Amino acid sequence: MPDRAIKKLDRNEVEAFSKDYKEFMKKAKTVREFVKYAEELAKSYGFKNLDEVSELKPGDKVYKIYRGKTMFLAVIGKKPISEGVNLVVGHIDVPHIDLKPSPLYEKFNLAMFKTHYYGGIKKYQRTAIPLELRGIVVKKDGTKVEVCLGCDPNDPILTIVDIAPHIAKQQRERKATEVIKGEELQAVVGNEPEEGEEKEAVKKRILKLLKEKYGIEEEDFYSAELELVPAREPRDLGIDRSMIAAFGHDDRVCSYAALRAIVDIEGIPEKTAVARLVDREEIGSDGDTGAKAMILENFISHLARKRGESVDLTDVFLNSKGISADVTAGIDPVRASAFDPQNAAKLGYGLVITKYTGHGGKYMAHEARAELVAFFRKLFDENGVPRQSGSLGKVDEGGGGTVCKYLAQRGFDIVDMGVAVLNLHAPLEVVNKADVYAMYKGFKVFFEKA
Ligand code: MN
Ligand code: MN
């Protein structure tokens with residue numbers, strides 16, 4: 001039976017890993033920032049851009065980035081690619097608030113940004129908290145401008161406004177899903193007029209300031225990817241400092257563990273190790289950088305070719321094992337009624353193996369086969385990786401999905417794993433430090449020994 005993770009782990013190692021993770025979380029709040037961070041880390045560990053490598057041999061380390069938003073890393077194993085790879089896939093997108101293509105307007109002396117939320121959020125949780133503006137703007141001439149308003153502690157913040165409780169009679173009568181409606185997620189960005197202007201003077205001043213700071217025009221918002229993310233740094237949580245509170249653990253925590261596990265591989269693995277960082281999971285894995293995209297085929301076929309192999313990709317996939325690295329909701333004392341306590345993941349009990357996801361009668365789920373789950377039980381127990389089993393909530397209480405099924409469709413023998421999270425999808429999510437370290441250890445053992 002599962003035991004508390006911290007009892008099986010070295011406390012100093014747990015603390016050191018947590019420290020690295022918190023530093024990373026400060027830097028990488030968007031998908032592009034994660035990819036940039038991962039590329040720098042990989043290079044510092046001797047990984048080379050696959051496009052710049054003509055031949056691969058066992059022990060070689062390579063990476064490839066697609067569209068700046070999704071990435072593969074691989075350590076070439078002793079066995080040929082045709083015998084399959086060991087894959088860990090995590091998503092690096094996080095529920096957040098995007099700016100609309102034409103976001104800026106002025107009313108009642110206030111300049112405002114219109115937004116469009118991304119992913120499954122409780123919209124009311126996004127109001128009245130400090131926000132940073134992060135992302136890129138691409139000008140018509142192709143120049144790319146990076147925006148990080150809030151990265152400097154002296155930067156101003158933005159915030160999405162809510163109504164005073166005193167006059168919230170109309171809002172109080174709304175259903176929970178409509179307390180804040182989508183179009184009401186608007187951020188205040190200015191309140192001072194441009195001198196000598198009458199009409200839209202506050203908006204004009206904001207545009208002038210944007211031009212000065214970033215060299216951008218109003219129309220440049222059309223070709224931008226700008227998002228509002230909580231302006232908060234990761235912090236230790238609890239009087240005992242056993243947890244970490246931060247924006248966007250789901251699923252940067254698993255993706256970071258996968259990234260660290262692959263760069264930290266010791267020796268040359270038997271099978272080629274692949275870490276994949278995907279985008280778009282929170283909105284169904286669609287699109288060019290999501291888990292459904294054909295870039296997996298592209299990456300693996302390039303690996304095989306440069307390894308001197310001519311492979312049938314369906315064989316490679318069928319011979320491959322995978323971990324779909326994603327978080328799950330942890331049970332908490334106040335809302336235990338939404339869970340089956342006997343099957344719920346608990347914070348502090350280590351890496352969670354989730355045999356299946358989905359909702360209702362297991363709809364929309366991939367279910368890992370019993371043989372694979374048994375394989376991981378043995379692998380983790382033999383290598384001191386604290387683990388527990390988990391399932392998301394009571395039957396018929398709701399549910400969720402991960403990227404697991406898109407790999408399973410291609411032939412991967414794959415199962416969901418990750419850590420339990422409190423406040424899932426809220427602007428401030430909570431994980432247990434020992435769980436995070438257990439997960440990293442588990443992924444590393446999988447790469448090295450499976
Ligand atoms: Mn997730
Ligand atoms: Mn999620």
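The values are calculated or read from the model by the stated rules, or taken from the named source; none is laboratory data. These figures come from a predicted structure and were not determined experimentally. For neighbour counting, all protein chains shown are included, and Cβ atoms are generated from backbone atoms with ideal geometry for every residue, glycine included. Remember, those area values only see protein heavy atoms, side chains included, never the ligands or the DNA or RNA. Shrake-Rupley method; radii C 1.70, N 1.55, O 1.52, S 1.80 Å.
Details
- Average accessible area per residue (Å²) across the chain - probe 1.4 Å, nucleic acids and ligands excluded: 46
- Short to long, the 5 Å bins of the Cα pair-distance histogram for region 216-279 hold 4, 11, 14, 14, 14, 13, 12, 10, 5, 3, 1 percent of all pairs.
- Of all DSSP bridge pairs formed entirely within the chain, close to 70 percent run antiparallel.
- When the alpha-carbon atoms of region 302-396 are used, the pair Rg, Dmax equals 17.2, 57 angstrom.
- Most mobile listed residue (D51, D20, D152) in the chain, GNM with C-alpha springs under 10 Å: D152
- Against the chain, whose longest principal axis comes from its Cα atoms, helix 11-27 is set at around 40 degrees.
- The chain: angle of helix 31-44 to the longest principal axis, Cα-based, in degrees nearest 10: 50
- In this structure S54 has an accessible area near 100 Å², from a 1.4 Å probe over the protein heavy atoms.
- For the chain, the mean residue ellipticity at 222 nm estimated from helices alone is -8500 deg cm²/dmol, where every DSSP H run of n ≥ 4 contributes -39500 (n - 2.57) and the total is divided by all residues, rounded to the nearest 500.
- Rounded to 0.05, the FRET efficiency of the K213 and T159 pair, given R0 = 22 Å and the Cβ-Cβ distance, is 0.70.
- Set K362/K441; K100/K199; K100/K321; K26/K107; K8/K43; K36/K444 screened for pairs whose C-alpha atoms are more than 28 Å apart: K362/K441; K100/K321; K26/K107; K8/K43
- Å³ per residue enclosed by the Cα convex hull of region 96-230: 122
- Along each principal axis, Cα extent of the chain, largest first, Å: 72, 54, 42
- Projected-area average for region 170-224 over all orientations - Cα convex hull basis, square nanometres: 6.0
- Solvent exposure ordering (accessible area, 1.4 Å, most first) of F34, F375: F375, F34
- At a Cβ-Cβ separation cutoff of 4.7 angstrom, cysteine residues of the chain with no neighbouring cysteine are C254, C404.
- Contact order, relative form, for the chain: 24 percent (alpha carbon pairs under 8 Å, 6 or more residues apart, mean separation divided by residue count).
- Between the amide H of K100 and those of K114, T115, H116, distances stay under 5 Å, these residues lying 5 or more places away or on another chain, with hydrogens modeled in the peptide plane.
- Helix 295-306 axis, angle to the chain major axis (alpha carbon atoms, nearest 10°): 50
- If the segment from H166 to S310 were pulled out straight at 0.36 nm per residue, it would be longer than the present Cα-Cα gap by 44.8 nm.
- Among V137, V352, V75, residue whose mean-square fluctuation peaks in a GNM of the chain (springs only between Cα atoms under 10 Å): V137
- Residues with amide H under 5 Å from that of T328, placed H, sequence gap 5 or more: V419, A420, V421
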